[in-house]
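Step one of this worksheet: look at the structure below.
The values are calculated or read from the model by the stated rules, or taken from the named source; none is laboratory data. On a predicted model such as this, the values are computed, not experimentally measured, just so you know. With ideal geometry, Cβ positions are generated from the backbone for all residues, glycine too; neighbour counts draw on all protein chains shown.
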Amino acid sequence: MSAITQRGAAVAAAGTALALALGALAATGAAADDEQPYAVTVSDATVTIGDRVEVAVAADRIEDVYAYSMELGYDPALLAYVGDSAGTEISGATYERQTPGEVVVTHTKLGTSPATTGDDVTLVTATFTAIADGTATVTASDLTSVTSSASSTTTPVVGSARLAIARKAAPVATSAPSISGTARVGSVLAGDPGRWDVDGLQFAYQWSVAGVPVAGATGPTFRVPASAAGDSVTLGVTASRTGYETGTATASSAVVARASTRTSLSASPRTLKPGRKLTTKVRVSAPGVVPTGTLTYTYRGRTVRQRVALVDGRATITFRPEVGGRHTLAVRFVPSKGFGASTDSVRIRVRR
């Protein structure tokens, strides 16, 4: 097989011979009486993106062939032709002309070289590179054969071959993803995708609690919700790149701890007459999150209000103390899942 670029007299001689032959074809408009069988094959029917594959077009038998021209069609979205790869096992000069999705291969004997006759002759070989996954077809058509006496025949449809192109293997994490930050309700955890064996990757994230994906938690950071208390947080990392299967890896945090809370109680007025209204305000806070739960109030050691709901971590209620003296008003935060309890108190003076 050869792919020869001739210069000078050899090119001129080849061009003249092919031009005369094609001129004879135009004059006679001849078609083959006896269409010879052809075979189009590929070196590998299943390849991976980036692999090269050779396409061969062979004839079972040829008689007195001095020159010929053939078109190879392909999908440029799946295959890329390797320039100057066209060749044949027949001696002479081989030329190619490329347009997107098509290569025209022309071959001719030179000067007084004898025409070719033989069995199982490879007319054209050409090399392509797989550039995207899918099923690619290479079609050979419009084969024009010219004899030593300048007569010609044309075969519109020669044949085709298909090949399956697979994506490259999924990238693999050579250094596992990791999670930094304190595993506590209200804290922010940050994910690192780790190190991978393929460059140029795009990363996607999915945070999960107790193995259940959290809706919308698809960024590199995650604020731990109260519902995660007592469970582990995991981060799934998906690595992708065009032409590759998708790679995945996972990182896990420690068991999530409850958030510590602080309860602040204020009362006004702090000194009042019996039966007058006492207004109390409570605020319950925690780092990075608004606590949820209820409040229980005690006055003079007795429960006076319970299951008071918080609204955005706050509550306001009123009392009308009747018994004179100095007394303690206390409030206890009864937390829902994910928070710790806390208390606060104030001293009230009721005039006698």
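Things to note:
- Applying the criterion of at least 3 residues that are buried (at least 16 other Cβ atoms within 10 Å of the Cβ) and touching a residue at least 60 places away in the same chain (Cβ under 8 Å) to the strands (runs of 3 or more DSSP E) found wholly in segment 57-145 leaves 67-73, 93-99, 116-130.
- Here Ile165, Ile179 are screened, and the one residue that is more than 30 Å from Trp207 (Cα to Cα), among the aliphatic types (A, V, I, L, M) and surrounded by 18 or more Cβ atoms within 10 Å (Cβ to Cβ) is Ile165.
- Any hit, segment 191-201, residues being in the same structural domain as Ala228 (by TED's automatic domain parsing), over 30 Å from Thr144 (Cα atoms) and more than 17 Å from the chain's Cα centre (by Cα): yes
- Output for segment 237-268, where each listed residue is closer than 30 Å to Ala130 by Cβ and either part of a strand (DSSP E or B) or aliphatic (A, V, I, L, M) (or both): Val237, Thr238, Ala239, Ser240, Tyr244, Gly247, Thr248, Ala249
- Restricting attention to segment 275-326 and to residues that are touching an Asp or Glu at 6+ places or on another chain (Cβ under 8 Å) and surrounded by 13 or more Cβ atoms within 10 Å (Cβ to Cβ), the residue that is nearest to Leu189 (Cα to Cα) turns out to be Val290.
- Some residue of segment 203-210 being within 25 Å of Pro335 (Cα to Cα), of a type in the set (Ser, Thr, Tyr) and buried (at least 20 other Cβ atoms within 10 Å of the Cβ): no
- Qualifying residue in segment 296-307 (condition: aliphatic (A, V, I, L, M), at pLDDT 95 or above and on the phi < 0 side of the Ramachandran plot): no
- Selection of first residues in segment 149-163 that are farther than 26 Å from Leu79 by Cβ and of second residues that are hydrophobic (A, V, I, L, M, F, W, C) and at pLDDT 95 or above, restricted to Cβ pairs under 7 Å at least 6 apart or on distinct chains, gives the following pairs, ordered by first then second residue: Ser152/Val146.
- All of Leu278, Leu235 fail the test of being in the same structural domain as Asp344 (by TED's automatic domain parsing) and of a type outside the set (S, T, N, Q), apart from Leu278.
- Residue tally, condition of a type in the set (A, V, I, L, M, F, W, C) and under 30 Å from Pro76 (Cα atoms), over segment 164-190: 6
- Selection count, segment 187-219, where residues are touching a residue at least 24 places away in the same chain (Cβ under 8 Å) and within 25 Å of Ser260 (Cα to Cα): 8
- Checked against the criterion of being touching a Gly at 6+ places or on another chain (Cβ under 6 Å), of a type in the set (D, E, K, R) and in contact (Cβ under 8 Å) with a residue 60 or more places away in the chain, segment 255-263 has at least one qualifying residue.
- For segment 269-322, a residue qualifies if it is of a type in the set (A, V, I, L, M, F, W, C) and in a loop (DSSP other than H, G, I, E, B), and the qualifying residues are Val290, Leu310.
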